[in-house]
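Heads up: the structure comes next, in structure tokens.
The values are calculated or read from the model by the stated rules, or taken from the named source; none is laboratory data. As the structure is a computational prediction, the values presented were derived from the model and not from experiment. Every residue, glycine as well, gets a Cβ built from its backbone with ideal geometry; the counts of neighbours run over all protein chains shown.
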């Protein structure tokens, strides 16, 4: 019997994760996996459906990522999206060429034939296109079922098998009936049941952790963010006082952060131990400029400190981390020729080094950020945790572009504190997803007190997002921008110019490093 699971094979599209997310929203569990996964691994997972994502490639290029035709012969329903559509046609012998008219953004889809995929979708609807190649001629096995003004074959189906494909992106909200199309595929074509519930997920994790840990102990690296607190709550529910939370003060924290974390751990009855490692991290990062090396150094030191502390506690066999799915995706590397999805390292991704004998527990590893927040709400976590803005594990070290020293840390910490105060004064803290300051390694000339100044440039970054995989900048008022600029420049020695980052993700990431 097939599992109630949809597999999404990733070909490098910026929207790949959204496909998996939309399917979960329908009520069916989904996994985003690399496109070059072995066919035996797919068979072992036994999914009810497979979706081939979009991607930035051309199927006729030498380095194009492909799949085995055997996947199309597994008797599992398949949906190809954008590049996935072109790939299926190409494998069957169709012709893929550059479009005469590239389509990016809004377009109108016209359905030509009745079919299960477009059930309850009007004859004409808005879709979101993003392609410069298209299927020009389909092989005899495939028949066109929709078109747009510029694309003769905007969707097709296999004449005998449950294989469908669309040139547009049903996973993005801009596609008017996108969720309906995905629901038709997942529920009506793949015959999945709506049984994915976050509440059930929590109880399953609790039961699993109980069985795995038994009478042993678990140490958790708690950062004070939502992910680590939800992780702590789930593990605490499973094993109680056998969970020991360890908080490492790297010296790259926000003002009062350590006190706040200690307060909430005490309030939630979590056992916590604080380690002062300020001098250790500062020494290790002195003179380091490259952000990837910063992250790797910090990750290594975290592991070293946890290993050292674990030896002081009897009966510890496990290390828990608040890793979430976006961390895993951004840190992943697909080694197939021509496809590299690596964005940046996350210190909590990649498993534990061989020298560390602890086993890893990551209950949130397959959840997106908004799913973690929903769990937090169901667990009735304090609002101060639930709506707290994310703070990166490496802390202020990656918000100081270039080399780090005590003065820069002090400057940035003061600037971040002023920003937090004004976000709350203007009652916009809970309306945004994340806000912070970046200290640049360049200085600018200014005039302060009738004298020439030559100080750092600082960048304000404020974003709005649902899941932290995509984001847009927040349209702050000129009044707010003026007050922030004046306060930071007037109250902090070391900054004489403020700029506002209005870049979305993609193409940028949320943090600068």
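In the list 50, 76, which residue meets the criterion of being assigned to a strand (DSSP E or B), over 22 Å from residue 147 (Cα atoms) and at pLDDT 95 or above? None of the others qualify; the one that does is 50. Restricting 440, 419 to residues that are assigned to a helix (DSSP H, G or I) and touching a strand residue (DSSP E or B) at 6+ places or on another chain (Cβ under 8 Å) narrows the list to 419.
Identify, please: which residue in segment 2-20 is at pLDDT below 90 and within 16 Å of the chain's Cα centre (by Cα) and is, among those, nearest to residue 466 (Cα to Cα)? So, considering only residues that are at pLDDT below 90 and within 16 Å of the chain's Cα centre (by Cα), the one nearest to residue 466 (Cα to Cα) is 18.
Pairs are defined by a Cβ separation below 7 Å, a sequence spacing of at least 6 or placement on different chains, a first member in segment 370-386 that is free of Cβ contacts under 8 Å to residues at least 60 places away in the same chain, and a second member that is not in a loop (DSSP other than H, G, I, E, B); the pairs so defined are 377/386. In this structure, does residue 426 turn out to be surrounded by 15 or more Cβ atoms within 10 Å (Cβ to Cβ), on the phi > 0 side of the Ramachandran plot and out of contact with any strand residue (DSSP E or B) (no Cβ under 6 Å at 6 or more places or on another chain)? No, not satisfied. crowded, with 18+ Cβ neighbours inside 10 Å and closer than 26 Å to residue 201 by Cα: does that describe residue 83? When the stated conditions are applied, residue 83 does not pass them.
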